[in-house]
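In what follows, a structure is listed as structure tokens, so that the remarks can point back to it.
The values are calculated or read from the model by the stated rules, or taken from the named source; none is laboratory data. From a predicted model like this one, the values you see are computed outputs, not experimental measurements. Backbone-built Cβ (ideal geometry, glycine too); neighbour counts: all protein chains shown.
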Amino acid sequence: MPTRHDRKTALSRRDALKLAATGAVALTLAACENATGATESTATTTPAATGPFAPALRIPQILKPTHTSGDTDYYALAAKTTETEILPGVRTKVLTYGDTLPGPTIKATRGRTVVLTQYNSHTEPISTHLHGGHVPVSQDGVPWDTIEPGKDRDYRYPNTQPGATLWYHDHSHMTEAEHVYRGLAGMYLLDDPAEQTLGLPTGEYDVPIMLRDAQFDDAGQLVFTMGGFKDRKTLLVNGTLPPHFEVAARKYRLRFLNSANERGFKLSLGDAVPMQIIGTDGGLVPAPITVTEFYLWPGERVEVVVDFAAHPVGTQLVLNNSIGEVDAVKSVMRFDVTRSATDASVVPAALRPALDLGAPTVERQLVFKFDLAMGMYLIDGKMFDENRIDQRIALGATEIWTIRNDDLKPSIPHNMHLHLTHFTVLDRNGKPVDPAETGPKDTVTTLPGDTVRIKVKFTENAGKTVYHCHLLDHSAMGMMAVMEITA
Ligand SMILES: [Cu+2]
């Protein structure tokens with residue numbers, strides 16, 4: 001049933017060759033080469049590359065429940081086309097949840113069920129996926145389980161997993177890349193009452209920051225071209241141009257999410273300001289890890305605590321992206337220390353025990369590779385087919401997955417995302433992984449030529465779902481596969 005796909009999103013062989021020839025792929029390579037380069041400076045506060053940071057950081061609104069009953073909170077959201085101001089004085093057409101870009105933040109609490117009534121007021125089918133959610137497969141939001149235009153359905157999220165920075169986004173079949181690009185994404189913060197006693201910064205000092213890129217035409221409208229990474233040179237932070245954020249001289253918990261379709265970030269603050277990593281995709285790490293930079297590839301989350309008390313009032317600190325290929329994407333936002341403050345928050349030495357996954361009994365190998373002849377992205381030589389089971393998994397088994405990225409020429413990164421659970425990354429090319437990858441993960445980067453091993457255990461939910469590349473232009477062009485978990 002490939003009609004919509006054929007019409008809208010497939011790359012013809014000619015298109016693919018053109019894509020390679022015009023440098024979209026090559027540019028991705030350039031970003032990767034920078035990403036793996038060991039010699040680059042970690043502190044880049046280059047004023048010339050610093051934009052005006054004119055907008056104030058916009059904090060996405062918190063979605064209010066429509067009602068609450070017992071241990072369940074009910075929400076409603078409509079996916080629809082609307083207009084918003086992204087560029088000064090310009091109304092830009094976007095596709096959003098609930099009229100805002102990004103969509104409103106859903107604040108859930110571990111132990112309380114969320115029921116989300118999702119309306120589709122768009123002209124194409126949608127499927128809302130809770131990224132990182134441990135949910136029954138019927139609630140997962142997969143490409144074959146869509147909501148038709150004009151219809152609605154309820155998603156029920158049990159929220160039994162530990163606290164984490166999750167997000168929701170479209171997962172429709174082959175149109176997810178364009179839908180998410182146009183705005184169908186929002187944060188879902190799962191709060192864990194057991195972790196409130198840790199003393200981490202809360203309230204206005206706990207800040208979600210969604211990073212993405214975009215391309216605008218001369219009229220200020222979003223341009224979407226499948227695989228068009230090289231032309232997406234405008235950064236958006238929580239839906240605005242690179243902003244400033246007025247902070248008090250105290251600790252802040254910053255929850256970074258990369259919601260871009262294809263762009264990776266390597267983030268550093270000011271002149272190598274220390275940041276304490278406290279969380280990754282699946283929530284808190286065992287102990288804080290102090291870094292001066294970290295990677296954030298599409299779909300991933302990294303939570304850090306930054307203590308602005310180390311900087312006098314009046315200090316301005318730019319958040320830099322050192323794998324930006326042009327100046328416009330090198331400066332992400334600016335933190336302005338504007339006031340002194342008292343601070344009772346702490347970063348304790350122990351946060352949460354590491355995932356207990358047990359001893360592996362099953363090993364699998366996966367190969368991610370772009371097929372130039374087909375113009376499609378493949379896993380194990382195959383395009384996504386919802387009717388084919390690619391991996392059969394026993395519920396409760398501990399497994400090692402070895403993921404190889406064979407796209408050295410042309411050089412393309414891939415980011416493997418597994419639905420329904422979290423895993424640990426064992427090693428990359430036989431070496432220890434970056435600090436930001438040592439916590440619970442649901443998405444893992446494979447740079448060109450990389451071999452990455454993960455340890456995973458599916459323990460909660462049986463049934464059929466997907467794993468895929470979270471560079472969404474790739475998943476829309478075939479880089480997705482089906483796993484069936486059987487009790
Ligand atoms: Cu990919």
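Brief remarks on what is shown
- Scanning region 467-486 for residues that are part of a strand (DSSP E or B) and under 16 Å from Asp170 (Cα atoms), we see that the one that is nearest to the ligand (Cβ to nearest atom) is Cys469.
- Residues of region 444-468 classified as more than 20 Å from Thr146 (Cβ to Cβ) and either touching a Ser or Thr at 6+ places or on another chain (Cβ under 6 Å) or not polar (S, T, N, Q) (or both), total: 14
- Any chance Asp154 is among the charged types (D, E, K, R) and within 22 Å of Leu420 (Cα to Cα): yes
- Among the residues of region 161-194, the ones that are closer than 30 Å to Pro353 by Cβ and either touching a His at 6+ places or on another chain (Cβ under 7 Å) or among the aromatic types (Phe, Trp, Tyr) (or both) come to 6 in all.
- Counting only strands (runs of 3 or more DSSP E) that fall entirely inside region 52-149 and contain at least 1 residues that are in contact (Cβ under 8 Å) with a residue 40 or more places away in the chain and within 21 Å of the chain's Cα centre (by Cα), the qualifying elements are 72-85, 91-97, 103-109, 113-120, 128-131.
- Matching residues in region 382-433 - criterion: being over 19 Å from Ala476 (Cα atoms), within 15 Å of the ligand (Cβ to nearest atom) and among the β-branched types (Val, Ile, Thr): Ile403
- Only listed residue being polar (S, T, N, Q), farther than 25 Å from Leu57 by Cβ and in contact with a Pro (Cβ under 9 Å, 6 or more places away or on another chain), chosen from Thr165, Thr160, Thr225, Thr146: Thr146
- Entry remark, region 150-159: residues being farther than 19 Å from Thr459 by Cα and within 21 Å of the chain's Cα centre (by Cα) number 1 in total.
- Unique match (being at negative phi, buried (at least 22 other Cβ atoms within 10 Å of the Cβ), at pLDDT 95 or above and of a type outside the set (A, V, I, L, M)) among Thr292, Thr280, Thr338: Thr280
- Region 295-320 residues that are farther than 30 Å from Leu471 by Cβ, paired with ones that are part of a loop (DSSP other than H, G, I, E, B) (beta carbon under 6 Å, 6 or more apart): Ala309/Arg250
- Checked across region 434-457, the condition of being surrounded by fewer than 19 Cβ atoms within 10 Å (Cβ to Cβ) and within 16 Å of the ligand (Cβ to nearest atom) holds for at least one residue.
- Scan region 208-251 for residues that are part of a strand (DSSP E or B) and buried (at least 17 other Cβ atoms within 10 Å of the Cβ) and the total you get is 20.
- For region 360-381, the set of residues classified as in contact with a strand residue (DSSP E or B) (Cβ under 6 Å, 6 or more places away or on another chain), aliphatic (A, V, I, L, M) and more than 16 Å from the ligand (Cβ to nearest atom) consists of Val362 only.
- Within the set Lys464, Lys455, the sole residue that is part of a strand (DSSP E or B) and in contact with an Asp or Glu (Cβ under 6 Å, 6 or more places away or on another chain) turns out to be Lys464.
- Residues in region 386-431 that are more than 16 Å from Leu366 (Cβ to Cβ) and among the charged types (D, E, K, R): Glu386, Lys409, Lys431.
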